[in-house]
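Asks: The structure that follows is given in the form of structure tokens.
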């Protein structure tokens, strides 16, 4: 299953609302997860199964979608949100990631 | 606190072999599916494979790109996961992450190690 994210990069400002899209090459129902990665660090699970917030993740992060189309929304961007975001399908092996979206100030 | 600590990385020549080890703590290792994920410098994330838990007979699965060269194993008595890498190529240069799944076989990557760098070069 191929995962395609858009955009590849995104410029925004503190306080903005941004959307990152992930599209699957075939239906993955709601088996879609989002990760945040900061430079030099391991990825961090943000949202699992499309819309479930991982513990400790701020409520300004949200996810929606089903089938082949999914969106990660970050409302009221904070300085610590500038990072790279990856989607990942957990429908079944081989597990695959989107190519990433770099969110820049 | 869940911790995953990788070791065994370093510089290896093309065609060589390397074995990565991931030591886990803070949870019951034998209950969980475990994965290896890598990231080439400046690139995205690539899933390499998984080891199912004891209840699922430790069955492994692999990405096609590494299936014939990489082998995942585990030793529950040592809470350790291994990645044996053979016939290494320059394109295997990456940071390798050990990952614990969130639930039992849900294929969601909840906990990540700090990563270990493998460099394949002559």
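Asks: To the nearest whole number, what is the average tally of beta carbon atoms from other chains within 10 Å of the beta carbons of peptide A:35-42?
Replies: Mean partner-chain Cβ count within 10 Å for A:35-42: 3.
Asks: Moving on. Looking only at other chains, what is the average number of their beta-carbon atoms within 10 angstrom of each beta-carbon in B:104-112?
Replies: 6
Asks: Could you tell me the relative contact order of chain A? Use alpha-carbon pairs under 8 Å, at least six residues apart, and round to a whole percent.
Replies: 39
Asks: Right, here's the next one. I'd like the distance between the alpha-carbon centres of segment A:18-83 and segment B:1-76, rounded to an integer number of Å.
Replies: 24
Asks: Follow-up question, since we're still on this one. At a 10 Å Cβ-Cβ cut-off, how would you order B:1, B:110, fewest neighbours first?
Replies: Ranking B:1, B:110 by Cβ neighbours within 10 Å, fewest first, gives B:1, B:110.
Asks: What average count of beta carbons from other chains do you get within 10 Å of the Cβ of residues in B:43-51?
Replies: Per-residue shielding by partner chains comes out at 5.
Asks: Just need the relative contact order of chain B here, percent rounded to a whole number, with Cα pairs under 8 Å and 6+ apart.
Replies: Relative contact order here is 35 percent.
Asks: Taking springs between alpha-carbon atoms closer than 10 angstrom, which of B:29, B:104, B:70 fluctuates most in the Gaussian network model of chain B?
Replies: The residue that fluctuates most here is B:104.
Asks: Let me ask something else about it. Provide the convex hull volume over Cα atoms per residue for the protein assembly as shown, in Å³.
Replies: It comes to 113 Å³ per residue, whole-number rounded.
Asks: Further, regarding this structure: If each Cα of segment A:29-99 is one equal point scatterer, what is log10 of I(q)/I(0) from the Debye formula at q = 0.12, 0.15, 0.22 Å⁻¹?
Replies: Once normalised to I(0) and log-transformed, intensities are -0.30, -0.46, -0.98.
Asks: If you stretched the chain out fully between residue B:67 and residue B:55, how much longer would it get, using 0.36 nm times the residue separation minus the C-alpha to C-alpha distance?
Replies: That works out to 2.0 nm of additional length.
Asks: Can I ask one more? Gaussian network model of chain B, Cα springs within a sub-10 Å range: biggest mean-square fluctuation belongs to which of B:86, B:31, B:57?
Replies: B:57
Asks: Going by average Cβ density within 10 Å per residue, which order do the peptides A:30-37, B:87-94, A:76-83, B:113-120 take, highest to lowest?
Replies: Going from most to least packed, we get A:30-37, B:113-120, B:87-94, A:76-83.
Asks: Separate question: Semi-axes of the equivalent ellipsoid of chain B: what are they in whole Å, largest first, if each equals the square root of 5 times a C-alpha gyration tensor eigenvalue?
Replies: The three semi-axes for chain B are 23, 14, 13 Å.
Asks: Given the Cα-Cα distance of residue B:106 and residue B:89 and 0.36 nm per residue of separation, how much length would full extension add, in nm?
Replies: Stretched out fully, the residue B:106 to residue B:89 stretch lengthens by 3.0 nm.
Each value in this text was obtained by applying a stated rule to the coordinates, not by laboratory testing. What you are looking at is a predicted structure, and each value in this text was computed from that prediction instead of being measured. All Cβ positions, even for glycine, are placed from backbone atoms using ideal geometry, and neighbour counts span all protein chains on display.
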